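The values are calculated or read from the model by the stated rules, or taken from the named source; none is laboratory data. Nothing here was measured: the structure is a model prediction, and the numbers come from that model. Every residue, glycine as well, gets a Cβ built from its backbone with ideal geometry; the counts of neighbours run over all protein chains shown.
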Amino acid sequence: MTGLEQVTKQLNRMIDVIKVMDLGEKDRIERELVLVKVAAEGSKRSEIIQIADIFRAKVVDVTPKELSLEATGTLRRSTPS
């Protein structure tokens, strides 16, 4: 089973998904996503947020002891020289 087939099956199991289509080689947008949970208490919290801003990451969840950050970006492909 390919990764695409596995993702399609998992998405189809979700209640809010109406339709899943494989666009194949058609024009599409590809993005990478990383979620990071960081221990962030007291004075370190503002420093972590400043560093996240440098990398254009967003704070998506806050607890008294942790921050959850989300960063997205386009795929980078290396080409042989």
For region 1-41, what are the residues that are acidic (Asp, Glu) and assigned to a loop (DSSP other than H, G, I, E, B)? Asp16, Asp22, Glu25, Asp27, Glu30, Glu41
Considering residues that are at pLDDT 85 or above, outside any strand (DSSP E or B) and among the aliphatic types (A, V, I, L, M), the number found within region 51-81 is 4
Scope region 30-79; condition in contact (Cβ under 8 Å) with a residue 40 or more places away in the chain and of a type outside the set (D, E, K, R); matching residues: Thr72, Gly73, Thr74, Leu75
By residue number, the members of region 51-67 that are among the hydrophobic types (A, V, I, L, M, F, W, C) and surrounded by 10 or more Cβ atoms within 10 Å (Cβ to Cβ) are Ile51, Ala52, Phe55, Ala57, Val59, Val60, Val62, Leu67
Scanning region 14-50 residue by residue, those basic (Lys, Arg), surrounded by fewer than 10 Cβ atoms within 10 Å (Cβ to Cβ) and modelled with pLDDT of 75 or more turn out to be Arg31
